[in-house]
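Each remark here refers to the structure printed beneath this line.
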Amino acid sequence: MNPHRKRAKTVDRVDSADSALVSSESTQMRPFPSKPLSVDRVKSVESSESGRMRPFKDKILFVDRVDSVESSESSRTSQFSDKISGFDRADSVEARVDSAGSTRMSRFPDEVLERVLALVDSHKDRSAVSLVCKEWYNAERWSRRHVFIGNCYSVSPEIVAARFPRIRSVTLKGKPRFSDFNLVPEDWGADVQPWLSVFSTAYPFLEELRLKRMAVTDESLEFLAKKFHGFKALSLLSCDGFSTDGLKAIATHCKNLTELDIQENGIDDLGGHWLSCFPDSLTSLEILNFASLNSEVSFDALEKLVSRCKSLRVLKVNRNISLDQLQKLLSHCPQLMELGTGTFMQELISGPVTEFKNMFSNCRNLITLSGLWDATPLYLPVIYPACARLTFLNLSYATLRSDELSNLLSHCKSLRRLWLLDTVGDKGLEAVGSCCPLLEELRVFPADPFDQEILLGVTESGFVSVSRGCPKLRYVLYFCRQMTNAAVATIAQNCPDFTHFRLCIMNPGQPDYLTKEPMDEAFGAIVKTCTKLQRLAISGLLTDRTFEYIGKYAKNLETLSVAFAGSSDLGMEYVLQGCQKLRKLEIRDCPFGNAALLSGLTKYESMRSLWMSACNVTMNACRVLAKERPRLNVEVMRDEEGGDDSQANKVYVYRTVAGPRKDAPPFVLTL
Amino acid sequence: MDVTLGLLNGGDDEDGGGVPSDGSTTNRSILTGSKEDNNNNNMVVMSSEVTSSSYPVVGDESLDGLELGLGLGIGGGGGGGGLKSKMVASGGGWNQYARILTAKDFPTSLVSKQNSCSSSSSVNIPNNSSSSGTKRTATDSVSPPNGTSVVGWPPVSKAHRMPSLASQVKSPTENFVSKPEQNKSKNRTVGIKDYSDERNGISNKKYRSVKVNMDGTLIGRKVDLNAHTSYEMLAQTLHEMFFSRWSSTEAVKPSRLLDGTSEFVLTYEDKDGDCMLVGDVPWEMFLSSVKRLRIIKNSDSIELAPRFEENNQRHRD
């Protein structure tokens, strides 16, 4: 046995798996067993809610001897010898653990395999690992510390707890995304309490909980704070149902809290007293984000908290914190990496720039800046000293004009991500193009989305300017009131690396304003040129041609958002047939009917979810779908007024191993 | 009977932007039925425009079928036809607006009809103009004229509706969402006490937006009261908001909004739901009691009380 010999490597697609997993084609290795191990064609949802449904055709995992990992591993014994566990392409073979596994090769001790697998973080890779064979399934489940559940109803907490005994961190997403835009009635569900109840027994040492679009009550927060003694990190994004009283409970009882991140929630803000509930003994805080809360916190308590938490690296305060208060805070935590300021102006002007100009000079680690409410040209220069290092600048609360933005951006050469309001106009975007060559993400939000009389904002020319100057753009979210096919085609040519392209022409069904044609060619250009596209949101006047393009070219597309588009069922059918990797499809106000819905019959189990609202789908079609696919939950939300009972106005379809919802409110009908 | 009605849609958040409600929900204000008129069902309900059949129109003369007036403001009944034409005229593109359903003495409690308020939405692709002048019952869904906005469009999430944080404020009167699971029975509102006057020294610490609706304009706006220090400033702002865009033959000077000499009168709704003339009380007192503002036509508001009666007279026929 020669544990340390070199190997010739050909590393196949190992994705983000740890480097310990390498392929072994070395001629010194033993030949592969004549009957390769293999994996059953995956039908069951269970093992891979968070990962892919279909077998990992493209993944090959070879594990060589473990001595490349954790060389201090003392349990390495002669058992290892020159064994290889190799796994052939998993497409068409079936698993037989006993035959290929135990007789031909000696196994790793499970603990070793677990140690190896503990280094695998990506949940997709983990899903792949778990499909290999029963041993690996077990090793994976025992070594997993973080579980990501993209749809809280696709699996029940009991199932999760049964499969993964040692979870420390959970990410849960609840409501469909269109609930952000009030398309989902209140009390729809996604209550976190059932999860917490199960976790309190299964994972008493749970440390992290990240929730998105879940319903959270104060009682749940209190439960969380009291039952989980080592709890460290809470992140609530777009959740609702709780108040600042719940935050009080968290602050009071979580003695080891490292993260409290509250964003965009429908929260009852009863006052800022919660912040004063952090005990003086709490020094572990690393992330504190209360920017979206309205009411004022005690500055004294905040200042003390910031001073004693030496590891604080993310601090995002709310608008009530003034500039001089901010200055004091920054003096206590110069190590900050991410800062969200409060209001960025003072009423009483007494030499603002000189007073505050050193505020940022000590913040050498600052790479993210947000907040900046009410920022004016008078005060913006305060941040210039920090701009050179910034990689993410969020100006979506600052109503800047083009010249103000231009001056600011001239200092921000390192920007990778930039969020703006459309008050900066096309001229401001020209500045973006000329100042920020490294830009990868741009989001332009509308300052006044619902006022149709406004003719301001940004147009296609701003977008084109950015694309010229920022060829590395991958992520764009752009709200505008006019667009042309030619412009988008140019943009696609300039920035072929788009992974996320979300274009919102705010007037529904608006054509190319110059040629009056549909915007089909625009999105056609995008999908043809940007082969890495994962997420697409379309708008404007669109016919089935757009969908034909998408189905034909967007082979990596995972998320598609459609509104007021299409001419017939064909549109949706194109997409369902063509986009192999589609996971999330959300459609509203499109003329897609039953044929379209049912054309995806065989596809929906490979997706996370489908949302269709205000389309032409009837209850009967939904029933057919539900009957044919028992592993899908087909939910129809009834309108308050009934209307036509045969029309299914809001349909939400998702795969699940947990069966129909038990907590569905009366207006949700599971077929 | 007097009824206080609120109109509910699926959305829960109030938000900013120029409109009383965001693209998602209806106008969530409550209009207090005139308390002194207990002899009619002058119930006013506002509903959002969501569905795609043709929309009803106010007609004074019809007795059968519910007739719906368009526009915002208490005086909606009287201004029905006129308002409608204004709306169509200004309805280029898509916009969010609310309708007033005025129930006459009908047995059917059409007021509670929220059929068109559901969060479902469909919209006419622009260039469809729905027919006007048809009367429908309230059970028919209403259809927006050319390219009007619908629930949840454009898809701007809560965090990015401007003014960002002020948009999370809702006055208690506007919140009708009952949440059975909240055993504390708290409204999902920001406590008004957050905006108490104790902090009025430093105005940039608190920001307080109230909705402003004008008769004849479908889209309401929001104005930050804390950014103003006097009635004149407020009038100036409102003038810029509402009148500066018009090729104003009216030539309304800002100050005239306050003194009743212009065509329009500025009123506000206070904590008790009463409609008061702006300018009577000191500014600070006004700040503490105002809930929303309304600009109404002078002809409609010789006095506020008689105005209701006028409407009642008309509808009673």
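The values are calculated or read from the model by the stated rules, or taken from the named source; none is laboratory data. The structure presented is a predicted model; accordingly, all values stated were derived computationally and were not measured. For neighbour counting, all protein chains shown are included, and Cβ atoms are generated from backbone atoms with ideal geometry for every residue, glycine included. The protein model used for the area step is the full one, side chains on, heavy atoms only, and it has no ligands, DNA or RNA in it. Shrake-Rupley method; radii C 1.70, N 1.55, O 1.52, S 1.80 Å.
For segment A:163-183, filtering for residues that are under 16 Å from A:VAL216 (Cα atoms) and within 14 Å of another protein chain (Cβ to nearest Cβ) leaves 4.
Inside segment A:219-232, can you point out the residues that are open to solvent by less than 10 Å² (accessible area, probe 1.4 Å) and of a type outside the set (A, V, I, L, M)? Hits for segment A:219-232 are A:SER220, A:PHE228, A:PHE231. A residue that is among the hydrophobic types (A, V, I, L, M, F, W, C) and without any contact (Cβ under 8 Å) to a residue 60 or more places away in the chain cannot be found anywhere in segment A:655-668. Listed conditions (1) open to solvent by less than 20 Å² (accessible area, probe 1.4 Å); (2) under 29 Å from A:THR376 (Cβ atoms); (3) modelled with pLDDT under 95 are all met by A:LEU477, apart from (3).
Run down A:LEU221, A:LEU282, A:LEU209, A:LEU270 and say which single residue is out of contact with any Pro (no Cβ under 7 Å at 6 or more places or on another chain), part of a helix (DSSP H, G or I) and of a type outside the set (Ser, Thr, Tyr).
Numbers: A:LEU282 fails: part of a helix (DSSP H, G or I); A:LEU209 fails: part of a helix (DSSP H, G or I); A:LEU270 fails: part of a helix (DSSP H, G or I).
Checking each option against the conditions leaves just A:LEU221.
Taking the condition within 29 Å of the chain's Cα centre (by Cα), within 14 Å of chain B (Cβ to nearest Cβ), farther than 22 Å from A:ASP374 by Cα and among the small types (Gly, Ala, Ser), does A:ALA249 pass? In short, yes.
Can you give me the number of residues within segment A:582-614 that are part of a loop (DSSP other than H, G, I, E, B), open to solvent by 10 Å² or more (accessible area, probe 1.4 Å) and over 16 Å from A:ALA537 (Cα atoms)?
Residues of segment A:582-614 part of a loop (DSSP other than H, G, I, E, B): A:582-583, A:589-592, A:600-603, A:607-608, A:614.
Filter once more, keeping what is open to solvent by 10 Å² or more (accessible area, probe 1.4 Å): A:583, A:589, A:591, A:601-603, A:608, A:614.
In the following step, the residues that additionally are over 16 Å from A:ALA537 (Cα atoms) were identified as A:591, A:601-603, A:608, A:614.
Of the residues in segment A:582-614, 6 are part of a loop (DSSP other than H, G, I, E, B), open to solvent by 10 Å² or more (accessible area, probe 1.4 Å) and over 16 Å from A:ALA537 (Cα atoms).
Annotation: A:TRP419 fulfils all but one of (1) surrounded by fewer than 20 Cβ atoms within 10 Å (Cβ to Cβ); (2) modelled with pLDDT of 95 or more; (3) farther than 17 Å from B:HIS160 by Cα; the unmet one is (3). Every condition in (1) of a type outside the set (Val, Ile, Thr); (2) assigned to a strand (DSSP E or B); (3) modelled with pLDDT under 95 is met by A:LYS413 except one, and the failing one is (2).
Contact map, segment A:138-151: first residue open to solvent by 60 Å² or more (accessible area, probe 1.4 Å), second residue assigned to a helix (DSSP H, G or I), Cβ cut-off under 6 Å, separation 6 or more or different chains; pairs are A:TRP142/A:GLU114. A single entry from A:PHE463, A:PHE450 fulfils the requirement of being among the aromatic types (Phe, Trp, Tyr), over 30 Å from A:ASN365 (Cα atoms) and either open to solvent by 30 Å² or more (accessible area, probe 1.4 Å) or at pLDDT below 95 (or both): A:PHE450.
For segment A:382-410, enumerate the residues that are in contact with a helix residue (DSSP H, G or I) (Cβ under 9 Å, 6 or more places away or on another chain) and part of a loop (DSSP other than H, G, I, E, B). Show your work before the answer.
So in segment A:382-410, the residues in contact with a helix residue (DSSP H, G or I) (Cβ under 9 Å, 6 or more places away or on another chain) come out as A:382-384, A:387, A:390, A:393, A:395-410.
Correct list: A:LEU390, A:LEU395, A:SER396, A:TYR397, A:ALA398, A:THR399, A:LEU400, A:ARG401, A:SER410.
For A:VAL562, are the conditions met, namely being outside any loop (DSSP other than H, G, I, E, B) and within 14 Å of chain B (Cβ to nearest Cβ)? Answer is yes for this residue. Return the residue satisfying two criteria in turn: it lies in segment A:287-308 and is out of contact with any strand residue (DSSP E or B) (no Cβ under 6 Å at 6 or more places or on another chain) and charged (D, E, K, R), and of such residues it is farthest from the other protein chains (Cβ to nearest Cβ). The selected residue is A:ARG308.
Of all residue pairs spaced 6 or more apart or on separate chains, those with beta-carbon atoms under 8 Å, a first member in segment B:265-285 that is within 22 Å of B:HIS239 (Cβ to Cβ) and a second member that is open to solvent by 70 Å² or more (accessible area, probe 1.4 Å) and of a type outside the set (A, V, I, L, M) are B:GLY279/B:ASP259; B:TRP283/B:THR229.
Could you please find all residues in segment A:569-603 being within 14 Å of chain B (Cβ to nearest Cβ) and without any contact (Cβ under 8 Å) to a residue 60 or more places away in the chain? Within segment A:569-603, A:ILE587, A:CYS590, A:PRO591, A:PHE592, A:GLY593 meet the criteria.
Within segment A:196-211, the presence of a residue that is surrounded by 24 or more Cβ atoms within 10 Å (Cβ to Cβ) and within 14 Å of another protein chain (Cβ to nearest Cβ) is excluded.
Determine whether A:ASP240 is open to solvent by less than 40 Å² (accessible area, probe 1.4 Å) and either over 21 Å from A:ARG168 (Cα atoms) or within 23 Å of the chain's Cα centre (by Cα) (or both). Spell out the reasoning first.
Values: open to solvent by less than 40 Å² (accessible area, probe 1.4 Å): yes; either over 21 Å from A:ARG168 (Cα atoms) or within 23 Å of the chain's Cα centre (by Cα) (or both): yes.
When the stated conditions are applied, A:ASP240 passes them.
Only one of A:ASN394, A:ASN485 is among the polar types (S, T, N, Q), open to solvent by 10 Å² or more (accessible area, probe 1.4 Å) and under 27 Å from the mean Cα position of the chain (by Cα); which?
Working: A:ASN485 fails: under 27 Å from the mean Cα position of the chain (by Cα).
Testing whether each residue is among the polar types (S, T, N, Q), open to solvent by 10 Å² or more (accessible area, probe 1.4 Å) and under 27 Å from the mean Cα position of the chain (by Cα) leaves just A:ASN394.
Residue count for segment A:506-521 under the criterion of being buried (at least 22 other Cβ atoms within 10 Å of the Cβ) and over 18 Å from A:ARG545 (Cα atoms): the result is 2.
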